[in-house]
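Student: Handing you a structure now.
The values are calculated or read from the model by the stated rules, or taken from the named source; none is laboratory data. All of these numbers come straight from a predicted model, not from anything done at the bench. Cβ: placed from backbone, ideal geometry, glycine included. Neighbour counts: every protein chain shown.
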Amino acid sequence: MECRHEQSPDQWLTSEPTPWFSTAELLEYLGISKNELIKQFDLFTEGLHYKKENPKDPKSKRLWRIDLVDEVLCLPVPALEKEAMLNAINNVITCKK
């Protein structure tokens with residue numbers, strides 16, 4: 001991974017943003033604790049959901065693909081909840097007096 005300070009200022013403007021984020025950024029985005037992430041760790045695949053910042057260092061920090069982790073952890077909304085949300089959004093009143 002190339003450090004920004006090793007690039008010229010012209011390259012900064014054209015380089016793509018990285019899809020990899022720190023554990024702290026992941027936890028903040030998901031709104032979960034580190035313990036909750038650890039409990040779900042078996043769901044993730046190294047190289048796909050996370051990678052080591054420095055692959056040669058076994059104690060290296062992990063970097064995460066927030067989008068792919070979110071896909072794994074996101075639970076679908078149950079059908080009745082989805083119907084209720086759509087009714088609320090469309091201002092459909094289903095209660096009878």
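Student: Which one of Lys39, Lys52, Lys96 is modelled with pLDDT under 65 and more than 14 Å from the chain's Cα centre (by Cα)?
Tutor: Unique residue meeting the criteria: Lys96.
Student: What pairs come up if the first residue lies in the stretch 57-83 and is modelled with pLDDT of 85 or more, the second is aromatic (Phe, Trp, Tyr) and in a helix (DSSP H, G or I), and their beta carbons are under 8 Å apart, counting only those six or more places apart or on different chains?
Tutor: Close Cβ pairs (under 8 Å, with a partner that is aromatic (Phe, Trp, Tyr) and in a helix (DSSP H, G or I)) amount to Ile66/Tyr29; Asp70/Tyr29.
Student: Could I ask something else about it? Only residues that are in contact with an Asp or Glu (Cβ under 9 Å, 6 or more places away or on another chain), of a type in the set (A, V, I, L, M, F, W, C) and touching a residue at least 24 places away in the same chain (Cβ under 8 Å): list them for the stretch 27-55, please.
Tutor: Leu30
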